[in-house]
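Quick notes on the structure that follows.
Quick note: the coordinates plus some simple rules give every number you see, no bench work behind them. Fair warning: this is a prediction, and the values are worked out from it, not measured in the lab. Neighbour counts run over all protein chains shown; Cβ positions are idealised from the backbone, glycine included.
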2 protein chains.
Amino acid sequence: MPHVPDAPSPDLTAVIARNRPRFRTATEFVEAAMREAILGGVLPAGAPLRQEELAAAFGVSRMPVREALRQLEARALVEFHPHRGAVVAAISAEDSADIGTIRTALEPAALRLSLPGLTAEDLGLAADLLAEMDGEADPGRMGELNRRFHMTLYARAGRPRLLALVEQHLAAADRYLRFQFVALGYQSRSQDDHYALLAACRAGDADAACAIVVDHVTAAGKELTAFLKKPA
Amino acid sequence: MPHVPDAPSPDLTAVIARNRPRFRTATEFVEAAMREAILGGVLPAGAPLRQEELAAAFGVSRMPVREALRQLEARALVEFHPHRGAVVAAISAEDSADIGTIRTALEPAALRLSLPGLTAEDLGLAADLLAEMDGEADPGRMGELNRRFHMTLYARAGRPRLLALVEQHLAAADRYLRFQFVALGYQSRSQDDHYALLAACRAGDADAACAIVVDHVTAAGKELTAFLKKPA
DNA sequence: AATCGTTAGATTGGATCCAATATCCGCGCA
DNA sequence: TGCGCGGATATTGGATCCAATCTAACGATT
């Protein structure tokens, strides 16, 4: 009697409700909601993605779900195993090195382009985000704030594709770093970097800012790699 | 009486035949073949992608076609217009600047990682590819050789995701540069760069090689941007 | 004659239906 | 008792069917 799918988690229902009105087609809606759920940790790495179950949760048929899953596959967020279903993509230690390299290459480039265009409001917003992060305990929220802080500093690069790539890899790293945030002293060290980065941006010192970003990303990559190698 | 779709072009049929045996599921096969067709210029930018027509050409139903189109959408190779169909994505002058920035950031990183691991066979293969390019007139073949030359030099980076990103953006640029190859003196200048790059790699001079790559990519980006701005 | 509204047709978006394949369990046999 | 085989079952992959909507052509009205 397996035909009755499990009820979706309350978190997932929240993500679904938040995204439903934003899109005209069901496929886009499902794709956006699932991406948010995966990046936000609501659907953890390795979680099996039953098409029927998701369709019921989203209130659509299996087809938009399948199309959305294919899009997420192209973004390396889910993996298909033929005739065995899709799962939320897990990240390996090699992947983490990979992502670290990509971030180290892209983020300084984005920052260098963006820095001259940053306004006082941008810097103020970044400062606000940092302040909020200081008191934040929830890892999911923390990840989102971290992403938004970085992206705020890069936003004026005026390169939508570059920024999308950066955000994608930032999110991919964050999704795993989440587990670190509470465990180790990583969070405070990361915040130190953030404040130093913001100061360099205020000073308009591109070289210093880029150097901080490189260090910051490298450190995050090392934490992540170590974490991924440990629990095996 | 519009129900009879056009016959596919001979080029497309060739791509289809070449890819069919390589995959287990229809969706993967369609995705691979369509990607090759788009990157190879068989399906030019702006071409409308009728689902029924493609399904007939591939010998499958519309569903695998739709899934494949969604994957290609996630890779920014096709665009969906709700209820109006999908078209092969065109690239704007801004996109080209974007892609240039991304390449300029990623390719030196890939080269730097790869260079120490390059073998004599790798360098020999690269030289062979260059030699073949000297006598090549077909733009599609030229683009493929160019891609393979670059990727050969980056291959030992041991970063699959980075290399996939590099190849993706290299291909995106090539797809448009194709029109340049014959028209201008671009081809010979590009080949000069290639030979210089290969020499620097043979010498193991990472800094020089990266500088050449940056120049080369920048020049290609400028050509592309100029071309895209010209014909309106 | 030009423009706007109406309507027919084609095409996509979504749902349902069928077939193919993988998993899981139990049974038989060594 | 352990291993391998076989059938039952669930789940995916693919095909077909229906509804929603966009396009285009035609005609009426000014």
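Here the dipole of the range B:1-136 is about 680 debye; that uses its Cα centre as origin and unit charges on the Cβ of Lys and Arg (positive) and Asp and Glu (negative). Inter-chain Cβ neighbour count for A:110-118, averaged per residue, equals 1 (cutoff 10 Å, partner chain atoms only).
Can you tell me the order of A:120-128, B:190-198 when each peptide is scored by its average per-residue count of other Cβ atoms within 10 angstrom, highest first? The partial results should precede the final answer.
Values: A:120-128: 14.3, B:190-198: 17.6.
Most protected by this proxy first, the peptides run B:190-198, A:120-128.
Neighbour counting of Cβ atoms within 10 Å sorts the residues A:214, B:78, fewest neighbours leading, into A:214, B:78.
Across peptide A:95-102, the mean count of Cβ atoms from other chains lying within 10 Å of each residue's own Cβ comes to 5.
Helical content of chain B, expressed as a calculated mean residue ellipticity at 222 nm, amounts to -23500 deg cm²/dmol (DSSP H runs of 4 or more residues, -39,500 (n - 2.57) each, divided by residue number, nearest 500). Taking the label point 7 Å along Cα→Cβ, residue A:128 and its counterparts in the other copies are spaced 6.0 nm apart, in ascending order. Over chain A, Cα pairs under 8 Å with separation of 6+ residues give a relative contact order of 20 percent. Kindly state, to the nearest 0.05, the FRET efficiency for residue B:127 paired with residue B:22, given R0 = 25 Å and r defined as their beta-carbon distance. The pair residue B:127/residue B:22 has a calculated efficiency of 0.30. Shielding value for A:164-176 is 1, the average number of Cβ atoms from other chains within 10 Å of each residue's Cβ. The order of A:67, A:136, going from fewest to most other C-beta atoms within 10 Å of their C-beta, is A:136, A:67. Once you reduce the range A:73-97 and the range B:1-75 to the center of their Cα atoms, the two points are 24 Å from each other. Placing unit charges on the Cβ atoms of the charged side chains and taking the dipole of the range B:36-153 about its Cα centre, the candidate lying farthest along the positive direction among B:152, B:133, B:81 is B:81.
Express the relative contact order of the range B:93-229 as a whole percentage, based on alpha carbon pairs under 8 Å and six or more residues apart in sequence.
Reported as a whole number, the value is 40 percent.
When each of the peptides A:50-56, A:113-119 is scored by how many other beta carbons lie within 10 Å of its residues on average, the order from highest to lowest is A:50-56, A:113-119. Gap in Å between the Cα centre of the range A:114-179 and the Cα centre of the range B:196-218? So the two Cα centres are separated by 34 Å.
With distances taken between every two different alpha-carbon atoms, the range A:93-229 has a Kirkwood hydrodynamic radius of 14.7 Å.
Dipole size in debye (nearest 20) for the range A:93-229 around its Cα centre, Lys and Arg Cβ +1, Asp and Glu Cβ -1?
It comes to approximately 320 debye.
Rounded to the nearest 20, the Cβ-based charge dipole of the range B:10-88 about its Cα centre (Lys and Arg +1, Asp and Glu -1) stands at 160 debye. Of the DSSP H helices in chain B, those that are both long (alpha-carbon extent of 30 Å or more along the helix axis) and hydrophobic (Kyte-Doolittle mean at least -1.0) are B:93-114, B:160-183, B:206-229.
Taking only the C-alpha atoms of chain B, Rg followed by Dmax gives 18.7, 66 Å.
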